Amino acid sequence: MSLTDILELNKEELFEKIRHGLPLVQKTQNLLDCKDDLLFAWDAKDSCLLVRNWRASLTDPEGKHASGGIQCQTLIPANAVGLDVDRVLASNEGSLVALGGPRGVTILELPRRWGPDGYFKDGKAKITCRTFSLDTQLFQNSPLEVRQIRWHPHSVSDSTLLVLLNNNTIRVYNHAKLRHVWQVGPSVMRGTSNTSLTDFGEVAVDFDIAPAVKPRNADQDNVTTADTTASQRNQTLQAAKSVQKQAKIEWPVLVLRENGNIYILLTGLDSEKTRLQGPITITPQARDNYGLESCALMVIPSLPPTVVMAESNGKLHHALLMEAEAAEHSFNEVDDFVLIEPAEYVIHVLETVELELGLSSSSKTGAGTAYNCPIHLKRDLINELRYFAYHNAGLHVVTVSFISELQRYLDSEAEHDRLELTASSRAEYILCTKFNSSAEINAVLGIALLQMPAGVVILLGSGQVVSLKLVIDPQLLVTPSEHTKTGLDIDEQESGPSFVDTIKLLLQRSVNQPILADKLSSPSAQESYELLNQAIDVLREQYLKRHDLVSTAFARHINQIQLKKEQQLQEIQDLEQERELISERAHKLAERFEEISYNQELLVRKCYNLMKQANAALPNHIVAEREFSQEVTRLNTVTKGLAASLDAAKKSLNKQRYHIAKSQEELKQNAYELPENQHRTIKEILTQLTGEINRQIIDVKRINKIVGM
């Protein structure tokens, strides 16, 4: 198993087909996408979509248990796709796939899945799928180009697609039908009088959707009611109320222009009326306005939302989207038909991360050798602190550290807790495809993120596939729990940083050694030698040197621990001696305490008797006391008499009970019993009398019968 291809995808039939249709002129694209356990890839040669169940291939790499031994399925569009597809985007629920290109967008409807392995139509090799082309005539009759496509996260039917065009419009499609056209800037058409706007970077290059918010103005509750058409006015009152409830939620759409200005479009999902605000004030102010060559925008749904702005020179700006205290007016747009409202939001940039776009040669240094290329951003759905930046020179993984600090501050219940954003973000160069100064590139043509287990699949322009496993959360490996950290805040302030934090700081690298991907043509001997020297320098400066520093820190820490151990052992011996002395003193004090307690008790008794005798011997008594004493004496005498009478009564009662019991026993003994002979004789006499009586009765009955009575 290759270390750069953990899933062994280079041997798959899916990528064998794709290699034959890779473009000759390379640029960064995204021909891969993943939804749950399905990996989608676009085959440009046959104009079809290939699908592979990557999770099933892990458990059954040879495909023996798959339906019919199918390695991958081919989804053939019902209508021929005549686009140069450069991006594949599956919908949120995985029911549709958008195939986007510079000259149009096609939506492919996925078939149903069933069977043990979850393939489409139980593993059928080739399936014809319904396709819908969006505004074909519009792209044929005008020089419009597609800049970005995104599925709306609030689509109930999982079919709402937003398409950004280079004329500063966002077209909203639902079930392949055009629903709305949102203007996000001045009308720009290449080849017309407005071409000067493109020179000033007024064209929108990217957009993203922020989490939903409630409108500030109360008038926004009646937006949809005021803008209803003639057909909507015939709806029932209940339907109108439901529309009003939906209009209370707005989805901010952040639009990035090439000159670095950011506009925000506030609108509902099914709303015709929109509110465009901007350009949003970016603080702190910078001379270059945070990007004169902006190329990508991404919103991370944190609280508040985190905005990532990318420039083609490799700079990434991390900022927070916050509500402004007061709405700010912006300058008038060139296009008078675009109404721009005062901005209700501000963007505060917290940090700037600069990516290393390729490994520069050591022999060619200078400002003129910097490499620029468009940066593409992709969110990590597993870990919101992390996102991916891919480009012509490889792949970076960027971890935004201040999002966790914001979350900790929001979850904290301490009243005096302060927000201090001290941790800086980390950018790791995972895959490098450009390591010399030649004009040839090995661009990233596709990236797909896998879940459970987490991983990433990268398709390069050379046809090579790189599949790597990802750690879900890197902080789980090295960072202690938040509970322990908050409990030790006071100790850390008193004793300084912990040893673990010190080791982390020593091991933290500014540059890492990425994976070097094969190029289309092998480098020369001189380039290979320079690359080897550079790799050796990086290993020495960023790895071995830091390991030596860590080894020295461990030795110093071990010496300190040994010294503390010896001191603590000596203190333990001293404490043992002190404990023995204290034990002996405590034993003596206990004996002395018992003796004093016994003597004290004797003295208390003597004092009590003396006080009693003294009170009895007093010559003068109070009348009440004397009467009370006499009454007590009388009651004592009466009580004694009653007690004697009670004893006498008990004795007489016992005597009576004894005599009664004795008389009962005598009565039982004096009872007369006949002898056995007499008893037998009487029994025989009675038997004879009974027989005689029976005969007489029979005679009487016979006589009566004779007489006729």
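Values in this text are rule-based calculations from the coordinates and carry no lab data. Every value quoted in this text rests on a predicted model; they were computed, and no experiment measured them. Cβ coordinates were reconstructed from backbone atoms using ideal geometry, including for glycine residues, and neighbour counts include every protein chain displayed.
Of the peptides 159-169, 203-213, 374-384, the ranking by mean beta-carbon count within 10 Å, highest at the top, reads 159-169, 203-213, 374-384.
One quarter of the surface of the convex hull around the alpha-carbon atoms of the stretch 1-119 equals 8.2 nm², the direction-averaged projected area. Between Asn599 and Thr639, the distance separating the two model label sites (each 7 Å from Cα on the Cα→Cβ line) works out to 3.9 nm. Less than 5 angstrom separates the built amide H of Ile515 from those of Leu431, Cys432, all sequence-distant by 5 or more or on a different chain.
If R0 is taken as 45 Å, the Cβ-Cβ distance between Asp699 and Asp647 corresponds to a FRET efficiency of 0.05.
Each residue, Ser629 and Lys11, gets one label point 7 Å from its Cα in the Cβ direction; the gap between the two is 11.9 nm. Under the simplified labelling scheme, the Gln688-Glu341 pair shows an inter-label distance of 13.7 nm, with each label point 7 Å from Cα along Cα→Cβ. Residue separation of Ile382 and Gln568 scaled by 0.36 nm, minus their Cα-Cα distance, works out to 62.2 nm of gained length. If the label point is 7 Å along Cα→Cβ of Ala423, which residues in the stretch 449-474 have backbone nitrogen under 13 Å from it? Residues 473-474 qualify, since their backbone N sits under 13 Å from the label point. Take each peptide in 43-56, 604-617, 6-19, count the other Cβ atoms within 10 Å of every residue, and average; sorted highest first, the result is 43-56, 6-19, 604-617. Full extension of the chain between Leu138 and Arg408 yields a length gain of 92.2 nm, computed as 0.36 nm times the residue separation minus the alpha carbon distance. A straight Cα-to-Cα reach below 29 Å connects Lys650 with the lysines Lys640, Lys662, Lys668, residues fewer than 8 places away in its own chain not being considered. For a paramagnetic label modelled on Glu323 (point 7 Å from Cα along Cα→Cβ), amide N atoms under 15 Å away belong, within the stretch 268-306, to 303-305.
Cross-link reach is defined here as a Cα-Cα straight distance under 26 Å, omitting same-chain residues fewer than 8 places apart; for Lys35 the lysines meeting it are Lys11, Lys17, Lys27, Lys45, Lys64, Lys121, Lys124, Lys126, Lys177, Lys378, Lys469. Projected over all directions and averaged, the alpha-carbon convex hull of the stretch 596-647 occupies 5.9 nm². In terms of the Cα gyration tensor, with a ≥ b ≥ c the square roots of its eigenvalues, is the stretch 630-709 rounded because a/c is under 1.5, prolate because a/b exceeds b/c, or oblate? Taking the square roots of the gyration eigenvalues as a ≥ b ≥ c, the stretch 630-709 is oblate.
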